Amino acid sequence: MRIAVLLTAGTVALTVLAFVPLPSSIRFQNIAQSAGVRFVTENSPTPEKHQPETMPAGVALFDYDGDGRLDIYLVNGAGMPSLEKTGPKYYNRLFHNNGDGTFTDVAERAGLRGTGYGMGAAVGDYDNDGWPDLFVAGVSGSQLFHNNRDGTFTEVTARAGVGGAMVGDSKMWAISAGWFDYNNDGLIDLFVSNYCQWDPRHEPACMGLNGRGYCHPKAFGPLPNTLYRNNGDGTFTDVSEQTGISAIQGKGMGVAFADYDGDGFTDVFVANDNAPNLLFHNLGGKRFEEVGFQAGVAYNEDGNALAGMGAEFRDVNNDGRPDIWHTAIENETFPLFLNGIGGQFVNASQPSRIAQITRKMSGWSNGVADLDNDGWKDLFVARGNVMDNIEDISRHFTYAEPNSVFRNLGNGQFEDVSAKAGADFLLPAPNRGLAYGDLDNDGRIDLVITALGQPVRVLRNVSENHNHWILLKLEGTKSNRMGLGAQVRVTTGDGQKQYNEATTSTGYAASSDPRVHFGLGAFSTVREIAIRWPSGIRQVLQNVPADRIVPIQEPAQDTK
């Protein structure tokens, strides 16, 4: 059934024509224990309430050894206030996917246990050798690990020059990062989201009703973000100043990439904590112009800056334009900005029902993906309050919260279906990290969620329906090897179109499945797949069978 829904915000209106999907279940089962994924996020909470203690979250899903299966990398904290990994309980962990439903911890053999107090992870093949590399953002410095193509990694931070920009006598606190090719030269560049000026030696004492608590972000000075240009020889140049990235300071958290205006150059959205969100419009691969306020994504509908956490930049209403959805804390809602005509976004939080659903929630990492393969991308979020003593302060909120999933109804609205997603998904915890991807290659998107001081959850998608799917594994030739930034459109048998972009940067401090996923509903064949590669080359494939992973290599010239 085709229906028309009018979403109105101020003087701007968007008409969404949609086929409403049939009812479908979304359900998850935690397989962490049986799969051998044993990990606890060690945040080292102290009576001094050092600011980083409430924030570690990093999760990355990537195929590090080229066997066709996603592996799991988990970033861990360290001692506080030393910021040092003084023992194995603080090590970062890499779990190899054995392909039989189990995983093996290979972090030490792979050389990926890391140093320092970790925050986030970002995956990208920066040297185009076909093997994904790993960047780990940290409180007092970050690390870049080069994939040696033999199951091991070499830490190359100093040589590459990406250890972190300085503020005073210390490195900037980096939370999230992401890879994208900002100048379309075929080499992916590194964007680092920096948080605030923090020094464990001078932690401000912030008091609540019942003793010391974690400080409001206003107690700390802001920082600029960092952009490193890939030089193509294993080194990077900090071009933050010359590209305009460092001209605006904030308290950056989630970072996401998409070409929001269709000009062929990837743009950057940064969710800021209690500061206006930033939208960096890419000016031809040379400079960036910050247009968050003009585009309508800097503030909520009341003109307030929110506690921005996780960020996603994908098309949620199948109109061909990437939208922005970011998380925040209780009483703020998780804004949904729909991409309109002329680079203007509309805050659709109220008409979509997301505002009403999320008002009492605190959210960290989030995702946008079609969890039931009905042809419409759903929204999901790892939830948990910032304050570990919130229950002493308020009767309405709790430190541990259940996670949430909002099913896309295909008519401009979303339904909270969390209650039916399974007890494993709903288990209350101080959840922080979330990355998503197809861990068992069955076409259903799985989740990995971390929580402070609690075991990680590997949530296998066990949703039952007869919907079809397709996963596209892109390989750039003229474009970067992973095809990051490629824009993909699929057309199903009824003529309906869906859109997605190749990216690994998702949510908060997370890196998700680089393959491009589409749910196809009742259709077992994709009528057409159209790809615009970052190089500008356009590729079209016809009548592609569904329910499989399809490798696609960038051609030397346009195809029809």
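Say we look at segment 511-534 and pick out the residues that are outside any strand (DSSP E or B), open to solvent by less than 40 Å² (accessible area, probe 1.4 Å) and out of contact with any Gly (no Cβ under 7 Å at 6 or more places or on another chain); which of these is farthest from Ala435 (Cα to Cα)?
Ranking the candidates gives Arg515 first.
Assuming Pro88 fulfils every condition listed in (1) farther than 24 Å from Gly519 by Cα; (2) at pLDDT below 95 apart from one, which condition is it?
(2)
When segment 380-403 is examined, which residues are found to be within 15 Å of Glu332 (Cβ to Cβ) and hydroxyl-bearing (Ser, Thr, Tyr)?
Scanning segment 380-403 gives a single hit, Ser394.
Among the numbered criteria (1) hydrophobic (A, V, I, L, M, F, W, C); (2) open to solvent by 50 Å² or more (accessible area, probe 1.4 Å); (3) touching a residue at least 24 places away in the same chain (Cβ under 8 Å), which one does Met166 miss?
(3)
So which strands (runs of 3 or more DSSP E) stay within segment 74-162 end to end and still have 1 or more residues that are buried (at least 24 other Cβ atoms within 10 Å of the Cβ) and of a type in the set (S, T, N, Q)?
Result: 93-97, 143-147.
Only residues that are in a loop (DSSP other than H, G, I, E, B) and under 14 Å from Ala486 (Cα atoms): list them for segment 245-260, please.
Asp259, Tyr260
Taking segment 121-143 as the search range and keeping residues that are among the polar types (S, T, N, Q) and in contact with a Lys or Arg (Cβ under 8 Å, 6 or more places away or on another chain), which one is farthest from Arg432 (Cα to Cα)?
In this case the residue turns out to be Asn128.
Need the failing condition index for Thr559 against (1) touching a strand residue (DSSP E or B) at 6+ places or on another chain (Cβ under 9 Å); (2) touching a residue at least 24 places away in the same chain (Cβ under 8 Å); (3) assigned to a loop (DSSP other than H, G, I, E, B); (4) farther than 25 Å from His466 by Cα, just the number.
(2)
Considering only segment 112-120, I want to know if a residue exists there that is over 24 Å from Leu439 (Cα atoms) and among the β-branched types (Val, Ile, Thr).
Yes, that holds for at least one residue.
Yes or no: segment 207-226 includes at least one residue that is within 24 Å of the chain's Cα centre (by Cα) and of a type in the set (Phe, Trp, Tyr).
no
Within segment 5-45, which residues are hydroxyl-bearing (Ser, Thr, Tyr), open to solvent by 60 Å² or more (accessible area, probe 1.4 Å) and modelled with pLDDT of 60 or more?
Within segment 5-45, just Ser34 meets the criteria.
Tally time: how many residues in segment 184-223 are within 18 Å of His281 (Cα to Cα), in a loop (DSSP other than H, G, I, E, B) and open to solvent by less than 40 Å² (accessible area, probe 1.4 Å)?
Counting residues in segment 184-223 that are within 18 Å of His281 (Cα to Cα), in a loop (DSSP other than H, G, I, E, B) and open to solvent by less than 40 Å² (accessible area, probe 1.4 Å) gives 1.
Could you grab me the full set of residues in segment 206-240 that are under 30 Å from Pro47 (Cα atoms), small (Gly, Ala, Ser) and touching a residue at least 60 places away in the same chain (Cβ under 8 Å)?
Listed by number, the residues that qualify are Gly208, Gly211, Gly213.
Does Glu289 satisfy the criteria of being assigned to a strand (DSSP E or B), open to solvent by 10 Å² or more (accessible area, probe 1.4 Å), within 24 Å of Pro224 (Cα to Cα) and modelled with pLDDT of 95 or more?
yes
Give segment 414-456 a look and list any residue that's charged (D, E, K, R) and open to solvent by 10 Å² or more (accessible area, probe 1.4 Å), or say none.
Scanning segment 414-456 gives Glu415, Asp416, Lys420, Asp424, Asp440, Asp442, Arg444.
The values are calculated or read from the model by the stated rules, or taken from the named source; none is laboratory data. Please read these numbers as outputs of a predicted model, since none were measured by experiment. Reconstructed Cβ throughout: ideal geometry from the backbone, glycine too, with neighbour counts over all protein chains shown. To get the accessible areas, we keep the full protein, side chains included, count just its heavy atoms, and leave off ligands, DNA and RNA. Shrake-Rupley method; radii C 1.70, N 1.55, O 1.52, S 1.80 Å.
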